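Working notes, structure below.
The values are calculated or read from the model by the stated rules, or taken from the named source; none is laboratory data. Keep in mind that what you see is a predicted model, and the values were worked out from it rather than measured. All Cβ positions, glycine included, derive from the backbone under ideal geometry; neighbour counts span all protein chains shown. All accessible areas refer to the heavy atoms of the entire protein, side chains included, with ligands and DNA or RNA removed. Shrake-Rupley method; radii C 1.70, N 1.55, O 1.52, S 1.80 Å.
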Amino acid sequence: MIRQITYFLLLCCTIGFTQNPLPIIPQPKELKRMDGNFTINRTTKIVVKEVAFQKDADLFNQFLLMNYGYELQIVSYTKGHTNIIEIQRATEGNSGSYTLNILPSKTQIASNESQGIFYAFQTLIQLLPLERDKQITLPCLQIKDEPKYQWRGMHLDVGRHLFPTAFIKKYIDYMAMYKMNTFHWHLTEDQGWRIEIKKYPKLTQIAAWRKGSIVGHYRDQIYDTIRYGGFYTQDEIKEVVAYAKKRHITVVPEIEMPGHSQAALAAYPELACTSGPFEVATKWGVLEDVYCPNEATFEFLENVLTEVLELFPSEYIHIGGDECPKIRWKNCAHCQALIKSEGLKNEHELQSYFIKRIEKFLNFKGRKIIGWDEILEGGLAPNAAVMSWRGTQGGIDAAKQHHNVVMTPSSHCYFDHYQGDPKYEPIAIGGYTPVEKVYAYDPTPAALSPEEAKYIMGAQGNVWTEYINTPEHVEYMTMPRMAALAEVVWGTSNPNNYKDFQNRLLQHFAVLDKMGVNYSKAIYGVTSKVAETTDGKGVFLTFSTNFSDSGIRYTTDGSDPKETSKRYANPILIDKSTTVKATLFENGKQLSPIIEQAFAVSKSTGKKVTLKTPPHQNYNKGGAFALVDGMLGSRLEQGFDWLGFLGKDLEAVIDLAEVQSVSKVALNVHSNELNRVYYPKNIIISVSENGTDFKTVKEITLQEIERMKGSVIVDFTPVKTKYVKVIALNAGKIPEGKVGASADAWLLIDEIRID
């Protein structure tokens, strides 16, 4: 396993340190190139005068042994002052800061703490040549470096799918090479309890196992009957925590409460508001059965947390606090009596009461709580930190109340989202978060004053695993987005110079190939765009990549493109129904997946369209024209091709340019309750010859939309018209018991075809 990771660490400045700038990730705060080189060979010594820095030198030696076949002698003193790597204690510096000076005669590393020494070694390793040789030549330079944020985190959900400890260590190694320092281990869920608690053996006998899992997408509601589960023993957890500590990574456990607790209730039903029985959930999402805030529950959780604290020395313990439906509490006599006796206003304040009880216990034990931003509801616990995931407002509100915050908005930090066009990516929960978007994120909101901004501890990438069930898939979803976030939280990212980061990142890929890491190549992807023609007849299709467009090859007959296929040079006119495919070639190698786009050309294709209400920015590729661009939105995924309206209706008017006979309108609408997307309540089709006086020709109900599974076809008696109006009424507020209950529903719609 060390060999696998060290290959990666060889990558950054190896593929040619003559390049400028040096491809180090994260980019150092200050770097100055100098003339000359320093050579490491078998006679080079590491001079370590302080025992505290010995273990960091040992890890560097492990790296050398695995990759170059030899170790360097570690000494506390040497008469000579050449051909040495000298480790010194700095007299000052912030947490994680270090200096690295590579001179022709020696290399100097200095920090006032072991963590900084470790980070200096990671940078040094990134400068080593990839090729194995008797000696190693390094460029001379000076680096003065330190992180901006104290919380540089990655999360991994093992509740939905379990991963072996060997992979957990590998995940920690990936974090370490990018100088990230906090591993958020999501250990309990409705679908499985993954940590051994000796006082409660049923948690591993019952709660750790489910009778089946969802197959495919949530919306299809197809399940297998394969028993699935497992857990980490306390010895395994101790092993992981110790492994992470050596790499200066703190492991923060998450024990979910009061929601996402059905697995625990399956083992101990007396902790619920109803008598059950319960089973470990096979279904993802938000489930109604949660912990009842009674004394038995608090005794259970305090006992569980007591064992957790013995395993995890972290300052913070994550207690979840998210997505807790209140329906059971509303109908529970005990809960209602508790609300009354404690002088609480409602069930939201009851959740705050619950969280504050747990915080008081953990504070007594010398620890602090951190929870998802729902813990703000009903009043924030006195010393709690907030992890802001539903956007940034929760983090802003908490910081303004002088509470510590970790920013992890789903818009930029959810690595279970797609990173390329969903039509060509493995199944994911939704969303679109490419590398460039991650890199552009700023964890400190502009809405905060300088004093309030001090409460932003940092940011974190989250990996929820509903649709991720293998280590290889975790790698695909995290690599290379983790690298982008690492530079963000180190504080040296520059969105205006993304190309510089991209050039450094691309040099990682050859090494990842050698390692066998299943990283995403979405960064190479060919993207397409459709534009209007001057005469409104058909559309123009254009292709582009982040690289040279001259490498794009395409076909218009549905066949797969080859290197000998037509080379893309100019926009392609699409004036009839067809299928276009394209991909990127370079030096005879296909770099990107083949993209495929079917065009359904109709009387509305390429025509002018106006919207009464603009679409939401999250789903607005191409604006109103996306409704008549000829490209059909995939009903399997909510990707690029959809227009989205959050809590608002669609009202579109299409100008057919001349009066003509029409008898059919077809359109696609989407439904995915897990992502808060709902079919419209109904669809109304109207026509007009003058664009002012519209007459309704057909109305489609929700039942009919559901029957057609969102692929709506509206037939009616032929009518002469120039203008066609399509109204789709938003579903409104999300019902109680559903994901996002009481929030606005999304309406997603695409491609209005008129014939």
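Within region 627-638, how many residues turn out to be touching a Phe, Trp or Tyr at 6+ places or on another chain (Cβ under 9 Å), at pLDDT below 60 and surrounded by fewer than 23 Cβ atoms within 10 Å (Cβ to Cβ)? Give the steps one after another, and end with the answer.
Looking only at region 627-638, we keep the residues that are touching a Phe, Trp or Tyr at 6+ places or on another chain (Cβ under 9 Å), and these are 629-634, 637-638.
Checking the rest, the ones that are also at pLDDT below 60 come to 637-638.
Among the residues that remain, those that are also surrounded by fewer than 23 Cβ atoms within 10 Å (Cβ to Cβ) are: 637.
Count: 1.
Consider region 277-304. How many of its residues are assigned to a loop (DSSP other than H, G, I, E, B), under 17 Å from Lys202 (Cβ atoms) and open to solvent by less than 30 Å² (accessible area, probe 1.4 Å)? Can you show your working first?
Initial filter on region 277-304 (assigned to a loop (DSSP other than H, G, I, E, B)): 277-290, 292-294.
If we keep only those that are under 17 Å from Lys202 (Cβ atoms) as well, we get 277-281, 289.
In the following step, the residues that additionally are open to solvent by less than 30 Å² (accessible area, probe 1.4 Å) were identified as 280-281, 289.
Going through region 277-304 one residue at a time, the tally reaches 3.
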Scanning region 262-276 for residues that are modelled with pLDDT of 95 or more and in a loop (DSSP other than H, G, I, E, B), which turns out most open to solvent (accessible area, probe 1.4 Å)? Thr274
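Counting only residues that are in a helix (DSSP H, G or I) and either open to solvent by less than 60 Å² (accessible area, probe 1.4 Å) or under 21 Å from Val712 (Cβ atoms) (or both), how many does region 608-626 have? Working first, answer last.
Going residue by residue through region 608-626, those that are in a helix (DSSP H, G or I) are 617-619, 623-626.
Cutting the leftovers down to either open to solvent by less than 60 Å² (accessible area, probe 1.4 Å) or under 21 Å from Val712 (Cβ atoms) (or both) gives us 619, 623-626.
Number of matching residues: 5.
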Scanning region 101-127 for residues that are within 19 Å of Ile249 (Cβ to Cβ), open to solvent by 10 Å² or more (accessible area, probe 1.4 Å) and of a type in the set (Gly, Ala, Ser) gives Ser114
Is it fair to say Asp58 is open to solvent by 40 Å² or more (accessible area, probe 1.4 Å) and more than 39 Å from the chain's Cα centre (by Cα)? no
Which pairs do you get when a residue that is over 18 Å from Pro26 (Cβ atoms), found in region 97-120, comes within reach of a residue that is open to solvent by 40 Å² or more (accessible area, probe 1.4 Å) and hydroxyl-bearing (Ser, Thr, Tyr), reach meaning Cβ atoms under 8 angstrom, with the pair 6+ apart or on two chains? Ser105/Thr82; Lys106/Thr82; Gln108/Thr99; Ala110/Thr99; Asn112/Thr91; Glu113/Ser95
Determine whether Lys198 is within 23 Å of Val290 (Cα to Cα), touching a helix residue (DSSP H, G or I) at 6+ places or on another chain (Cβ under 8 Å) and assigned to a loop (DSSP other than H, G, I, E, B). yes
Taking the residues in region 147-171 that are aromatic (Phe, Trp, Tyr) and within 30 Å of Tyr455 (Cβ to Cβ) as candidates, determine which candidate is surrounded by the most Cβ atoms within 10 Å (Cβ to Cβ). Trp151
Say whether the condition of being out of contact with any helix residue (DSSP H, G or I) (no Cβ under 6 Å at 6 or more places or on another chain), at pLDDT 95 or above, at positive phi and surrounded by fewer than 16 Cβ atoms within 10 Å (Cβ to Cβ) is met by at least one residue in region 238-245. no
The condition from (1) buried (at least 18 other Cβ atoms within 10 Å of the Cβ); (2) out of contact with any helix residue (DSSP H, G or I) (no Cβ under 9 Å at 6 or more places or on another chain); (3) closer than 26 Å to Gly644 by Cβ that Lys423 misses is numbered (1)
Within region 128-146, restricting attention to residues that are open to solvent by 10 Å² or more (accessible area, probe 1.4 Å) and touching a Ser or Thr at 6+ places or on another chain (Cβ under 7 Å), which residue is modelled with the lowest pLDDT? Leu130
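Filter region 685-729 down to residues that are among the aromatic types (Phe, Trp, Tyr) and surrounded by 17 or more Cβ atoms within 10 Å (Cβ to Cβ), then give me how many there are.
So in region 685-729, the residues among the aromatic types (Phe, Trp, Tyr) come out as 694, 716, 723.
Filter once more, so that each one left must be surrounded by 17 or more Cβ atoms within 10 Å (Cβ to Cβ): 694, 723.
Adding up the residues that qualify gives 2.
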Mind checking which residues of region 458-477 are assigned to a loop (DSSP other than H, G, I, E, B) and touching a strand residue (DSSP E or B) at 6+ places or on another chain (Cβ under 6 Å)? Val463, Trp464, Thr465
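If a residue has to be outside any loop (DSSP other than H, G, I, E, B), open to solvent by 40 Å² or more (accessible area, probe 1.4 Å) and touching a His at 6+ places or on another chain (Cβ under 6 Å) to count, how many in region 354-391 make the cut?
So in region 354-391, the residues outside any loop (DSSP other than H, G, I, E, B) come out as 354-364, 368-376, 385-388.
The next check asks that each one be open to solvent by 40 Å² or more (accessible area, probe 1.4 Å); those that pass are 356-357, 360, 363-364, 368.
Checking the rest, the ones that are also touching a His at 6+ places or on another chain (Cβ under 6 Å) come to none.
Within region 354-391, residues that are outside any loop (DSSP other than H, G, I, E, B), open to solvent by 40 Å² or more (accessible area, probe 1.4 Å) and touching a His at 6+ places or on another chain (Cβ under 6 Å) number 0.
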Out of the residues in region 35-51 meeting the condition of being of a type in the set (A, V, I, L, M, F, W, C) and open to solvent by less than 50 Å² (accessible area, probe 1.4 Å), tell me which one is nearest to Leu103 (Cα to Cα). Phe38
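Considering only region 393-405, I want to know if a residue exists there that is of a type in the set (S, T, N, Q) and within 21 Å of Thr433 (Cβ to Cβ). Steps first, please.
To start, the set of residues in region 393-405 that are of a type in the set (S, T, N, Q) comprises 393, 401, 404.
So of that shortlist, the ones also within 21 Å of Thr433 (Cβ to Cβ) come out as 393.
Checked region 393-405: at least one residue is of a type in the set (S, T, N, Q) and within 21 Å of Thr433 (Cβ to Cβ).
Have a look at Phe183, Phe167 and point out the one that is assigned to a helix (DSSP H, G or I) and either at pLDDT 95 or above or over 17 Å from Tyr243 (Cα atoms) (or both). Please lay out each step first, then the result.
Numbers: Phe183 fails: assigned to a helix (DSSP H, G or I).
Answer to the check: Phe167.
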How many residues, within region 40-63, are assigned to a helix (DSSP H, G or I), touching a residue at least 24 places away in the same chain (Cβ under 8 Å) and not acidic (Asp, Glu)? 8
Lys32 being open to solvent by 20 Å² or more (accessible area, probe 1.4 Å) and within 30 Å of Tyr149 (Cβ to Cβ): yes
Only one of these is open to solvent by 10 Å² or more (accessible area, probe 1.4 Å) and not in a helix (DSSP H, G or I): Glu307, Glu323. Name it. Glu323
Options Gly216, Gly259; residue that is modelled with pLDDT under 95 and either crowded, with 20+ Cβ neighbours inside 10 Å or not in a helix (DSSP H, G or I) (or both): Gly216
Residue among Arg132, Arg152 that alone is touching a Phe, Trp or Tyr at 6+ places or on another chain (Cβ under 8 Å) and in a loop (DSSP other than H, G, I, E, B): Arg132
How about region 177-207: which of its residues are open to solvent by less than 10 Å² (accessible area, probe 1.4 Å) and more than 25 Å from the chain's Cα centre (by Cα)? Ile197, Leu203, Ala207
